[in-house]
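The values are calculated or read from the model by the stated rules, or taken from the named source; none is laboratory data. As the structure is a prediction and not an experimental result, all values here were calculated from the model. Note that each Cβ is placed from the backbone with ideal geometry, even for glycine, and that neighbours are counted across all protein chains shown. These accessible areas exclude ligands, DNA and RNA; they are computed on the full protein's heavy atoms, side chains included. Shrake-Rupley method; radii C 1.70, N 1.55, O 1.52, S 1.80 Å.
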Amino acid sequence: MPGTGPLSGVTVVDLSRILAGPYCTMLMAELGARIIKVETPRTGDDARHYGPFLKGKSAYFMSINRGKESIALDLKNDADRATFEKLLAKADVVVENFRPGTMEKLGYGWETLHKKFPNLIYASASGFGHSGPDSQRPAYDMVVQGMGGIMSITGQPGGPPMRIGMSIGDIGAGLYTCIGVNSALYHRAMTGEATKVDIGMFDCQLALLENAILRYFLSGKAPGPLGVRHPNIAPFEAFDASDGYIIIAAGNDSLFVKLCAAIGRPELAQEARFKTNDLRLQSMEELKGELEKVLKTQPVAHWLKVLDAAGIPAGPINNVGQAIESPQAKARNMIVTAEDPVAGTVKLVGNPIKLSGFPDPATRSPAPELDGDRARILKGL
């Protein structure tokens, strides 16, 4: 149900399913918007059928659709279409992540909706956007990870293709869609004009490549994977300690001097081959060997204390459990709960957007049952 936040009073009709669109609308729900999820009768969002399951319910679906309402409508049925259009008349935003052309076939493309509902912002998240030669291609997360270049710079040098360990294709598109919608809401508030937001997952992968694209333009060569090493800064990677790996990120020359002093090797910072960042990049294997001679003599916990005391950015490589159960995650309210009527208490990831003046409660409303809010939604119409 709509909550307290900067988007309180904003109503979103959400036709999206699976991950990219629902992630966008979940963020908007976290920021206070009312999200009315329009689902296919009987089956609903495909994600309802994705595991892992908790007491027969999809935990995957619950995690991405908390705080929303659900109504099942068949947009090929005249009565349901009439209900849908009443929803649109009261909404600020409609979000969908169909293949381009699908909404036009249903009679609800941007041009049609803009004429009929001039205040309605239209947001689409698709594989390749609404233009270009690939616009009609179907796409899932790993397809755009591969096509967008991000897999080519992930993994170990010379190793096989490596998917990033989370759905960056979908999540990236969801984030950019949310940014686009909020920008469109601001534009409408300033000018009265509603706009279309057209997001392509492929475009988002390119945008997220940051310096990899710059390195390609400057060198003319496509960069490859570097494992855990930063391509432009040294030392900035994972190092062997006596009982595991430690990340050390000495991002400038002064931090490198402090690092060498902290580990008892101040002379390294004065060696000609390590004097500047560019020189260290050229001699990174030698530098890593020198650093690990010392780092391998003590465990990770020892070095974390030493480096923290010296003000050098460093950290362990946590597994997911260690990360989410850490004191920092708990202090930042990054573990929240929802009370589901069937599954019971469900732990979920909290909202990373912390805003002064708005609460960040430890509980959230659960994900809706399919068509579970029909009566309330229809009453509101």
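Regarding the stretch 298-320, can at least one residue be identified that is under 30 Å from residue 24 (Cα atoms), in a helix (DSSP H, G or I), under 34 Å from the mean Cα position of the chain (by Cα) and modelled with pLDDT of 95 or more?
Yes, there is a match, as at least one residue in the stretch 298-320 is under 30 Å from residue 24 (Cα atoms), in a helix (DSSP H, G or I), under 34 Å from the mean Cα position of the chain (by Cα) and modelled with pLDDT of 95 or more.
With respect to residue 56, is the statement that it is within 20 Å of residue 343 (Cα to Cα) and out of contact with any Lys or Arg (no Cβ under 6 Å at 6 or more places or on another chain) true?
Yes: the conditions hold for residue 56.
Spot the failing condition for residue 72; the list is (1) out of contact with any Asp or Glu (no Cβ under 6 Å at 6 or more places or on another chain); (2) touching a residue at least 40 places away in the same chain (Cβ under 8 Å), and only one is missed.
(1)
Name the residues in the stretch 271-314 that are of a type outside the set (S, T, N, Q), surrounded by 14 or more Cβ atoms within 10 Å (Cβ to Cβ) and closer than 14 Å to residue 236 by Cβ, would you?
Matches in the stretch 271-314: 274, 280, 281, 284, 287, 288, 291, 307, 312, 313, 314.
Return the total of residues in the stretch 9-27 being open to solvent by less than 40 Å² (accessible area, probe 1.4 Å), assigned to a helix (DSSP H, G or I) and in contact with an Asp or Glu (Cβ under 9 Å, 6 or more places away or on another chain).
5
Of all residues in the stretch 361-381, which are touching a helix residue (DSSP H, G or I) at 6+ places or on another chain (Cβ under 9 Å) and either under 17 Å from residue 14 (Cα atoms) or open to solvent by 40 Å² or more (accessible area, probe 1.4 Å) (or both)?
Hits for the stretch 361-381 are 365, 366, 367, 370, 377, 378, 380, 381.
Which residue pairs have Cβ atoms closer than 9 Å, lie 6 or more positions apart in sequence or on different chains, and pair a first residue in the stretch 153-167 that is without any contact (Cβ under 8 Å) to a residue 24 or more places away in the chain with a second residue that is of a type in the set (Ser, Thr, Tyr) and part of a loop (DSSP other than H, G, I, E, B)?
161/154; 163/154; 164/154
Picking from 207, 238, which residue would you name as being surrounded by fewer than 18 Cβ atoms within 10 Å (Cβ to Cβ), within 30 Å of residue 310 (Cβ to Cβ) and in contact with a Gly (Cβ under 9 Å, 6 or more places away or on another chain)?
238
Considering only strands (runs of 3 or more DSSP E) fully contained in the stretch 61-134, which possess at least 2 residues that are among the hydroxyl-bearing types (Ser, Thr, Tyr) and modelled with pLDDT of 95 or more?
Answer list for the stretch 61-134: 121-126.
Determine which member of the set 186, 216, 176, 140 is surrounded by fewer than 18 Cβ atoms within 10 Å (Cβ to Cβ) and under 24 Å from residue 117 (Cβ atoms).
Every option except 186 fails the conditions.
Determine whether residue 251 is outside any helix (DSSP H, G or I), surrounded by fewer than 17 Cβ atoms within 10 Å (Cβ to Cβ), within 30 Å of the chain's Cα centre (by Cα) and on the phi > 0 side of the Ramachandran plot.
Here the answer is no, as residue 251 does not meet what is asked.
Could you list, in sequence order, the residues of the stretch 351-381 that are free of Cβ contacts under 8 Å to residues at least 24 places away in the same chain and either touching a Lys or Arg at 6+ places or on another chain (Cβ under 7 Å) or more than 25 Å from residue 39 (Cα to Cα) (or both)?
352, 354, 356, 357
For residues that are within 14 Å of residue 351 (Cβ to Cβ) and in contact with a helix residue (DSSP H, G or I) (Cβ under 6 Å, 6 or more places away or on another chain), scanning just the stretch 59-72, find the one that is surrounded by the fewest Cβ atoms within 10 Å (Cβ to Cβ). Full working, then the answer.
First, the residues of the stretch 59-72 that are within 14 Å of residue 351 (Cβ to Cβ): 63-64, 66-67.
Going one step further and asking which of them are in contact with a helix residue (DSSP H, G or I) (Cβ under 6 Å, 6 or more places away or on another chain), we end up with 64, 67.
Working: 64: 24, 67: 22.
Out of the qualifying residues, it is 67.
Filter the stretch 32-58 for residues that are of a type in the set (A, V, I, L, M, F, W, C), in contact (Cβ under 8 Å) with a residue 60 or more places away in the chain and open to solvent by 30 Å² or more (accessible area, probe 1.4 Å) and give the result.
54
Please list, ordered by first then second residue, the pairs with beta carbon atoms under 8 Å, 6 or more apart or interchain, first in the stretch 259-270 and under 17 Å from residue 236 (Cα atoms), second charged (D, E, K, R) and not in a helix (DSSP H, G or I).
Close Cβ pairs satisfying both conditions: 269/275.
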